[in-house]
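The values are calculated or read from the model by the stated rules, or taken from the named source; none is laboratory data. What you see is a predicted model, and the numbers here were worked out from it, not measured in a lab. Neighbour counts are summed over all protein chains in view; Cβ atoms, including those assigned to glycine, are modelled from backbone coordinates with ideal geometry. Only protein heavy atoms, including side chains, enter the accessible area calculation; ligands, DNA and RNA are left aside. Shrake-Rupley method; radii C 1.70, N 1.55, O 1.52, S 1.80 Å.
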Amino acid sequence: MRLIVSGGGTGGHIYPALALVESVLKHEPDSQILYVGSYRGLEGSIVPKTGIDFKQLHVQGFSRSLSLTNLKTVNLFLKAVKASKKIISDFKPDIVLGTGGYVSGAVLYAAQRMAVPTVINEQNSIAGMTNKFLSRGAEKIAISFPHAANQFPRGKVVLTGNPRGQQVAEQKHDFSLSEFDLDPKKPTVLIFGGSGGALKINSAIVGFAQRFVKQDRLQAIFVTGRKYFDSVSTQLADLHVSSRHFVVLPYLDNMNDVLPKISLLVSRSGATTLAEITALGIPSILVPSPNVTANHQEKNARQLEEIGAAEVIIETELSAAKLYHDMTDILDDPAKLATMAQAAKSLGHPDAADKLYELLTQLIHENQQKKTNA
């Protein structure tokens, strides 16, 4: 297979793309793959480390207010489309996959103008502007949440799940919580506000930390985010919070190792996080970020809440008392934990990457048949 993958800006667009690439290479080791990203996004620091061929384009997002910068955005987009056509012409892909972000808009739009088959992978329950724009010219739209189906042209939608879920579910783990000096047999909550941390979540945790460390039946891993670590550590020290079963970290480099070992996750509700916990069957308390387009994190979270896989706390309703109550209520109830875990797993797609790979191969075959019959 000759495949161009494009997705950029955030890890939520990058990691699903890389998970799909991993599946393609598992099935077809001789595949030729090119990742096209942007200069502005995180992909520039992530993708090259994988060894995948990588090219970058200059793009930027639209301002939500009337602004002259939007003229520059349009100009950059048109230049990126022209550069994409050159890349596509040189690489000659069988198919092009986009996982979101402005850069994928330019790449897939160029491919569609050149009659190269394209597939969109939409990870959220609320479709992104770029993916909506591209959907009419795409052969198929692979979605992760059933609720996203009615936002795209009828007949093009396929429910595959988020490829990242399979990647996490299939990883082998020799990790033990004892590496954090924690008891592997105790119920454990992981609190993680995203790679940058979440100020409101951190404040709630600090607010009940004294109460938490006085009990000995539960344990926690509290990831503050690097920029908040020093201030949170100072606040906890001022409160004389120190406990073997309350681990505080700035960041977690081995998230994939830790997730299968925890009993409960407290986190934001980005699409990649939800793909991981549903594939693994992890109960959660979700605090959606209010600072996202179309409030899509709350929509994501509500779909888990609807089936009993998660509890949702809106940030304006978040408090130390509420979070502590809900967290301990779940952790102290093994039957509830088991029910939530089963519900989470029912929404997961531990074979999502393989499903998406099969969709790509099917479309490549159909396109080849059309050329043969033409």
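Some notes on this structure:
- Residue count for the range 275-290, restricted to those that are more than 16 Å from Asp257 (Cα to Cα) and either open to solvent by 10 Å² or more (accessible area, probe 1.4 Å) or not hydroxyl-bearing (Ser, Thr, Tyr) (or both): 7
- A residue that is assigned to a strand (DSSP E or B), open to solvent by less than 60 Å² (accessible area, probe 1.4 Å) and touching a residue at least 60 places away in the same chain (Cβ under 8 Å) cannot be found anywhere in the range 200-212.
- Test: residue in the range 35-44 that is among the charged types (D, E, K, R), within 17 Å of Met129 (Cα to Cα) and modelled with pLDDT under 95: no
- Condition check for Lys55: touching a strand residue (DSSP E or B) at 6+ places or on another chain (Cβ under 8 Å) and either touching a residue at least 24 places away in the same chain (Cβ under 8 Å) or closer than 29 Å to Gly165 by Cα (or both): yes
- Matching strands (runs of 3 or more DSSP E) fully within the range 96-191 where at least 1 residues are open to solvent by less than 10 Å² (accessible area, probe 1.4 Å) and in contact (Cβ under 8 Å) with a residue 24 or more places away in the chain: 118-122, 140-143
- Only residues that are of a type in the set (Val, Ile, Thr), in a helix (DSSP H, G or I) and either closer than 20 Å to Ala83 by Cα or open to solvent by less than 20 Å² (accessible area, probe 1.4 Å) (or both) were counted in the range 12-58, giving 4.
- Subset of the range 242-269 [at pLDDT below 90 and open to solvent by less than 20 Å² (accessible area, probe 1.4 Å)]: Leu252
- Criterion (at negative phi and open to solvent by 40 Å² or more (accessible area, probe 1.4 Å)) met by exactly one of Asp329, Asp354: Asp329
- Subset of the range 291-318 (residues that are free of Cβ contacts under 8 Å to residues at least 40 places away in the same chain, of a type outside the set (A, V, I, L, M, F, W, C) and more than 14 Å from Ile126 (Cβ to Cβ)): Asn291, Glu305, Glu306, Gly308, Glu311, Thr316, Glu317
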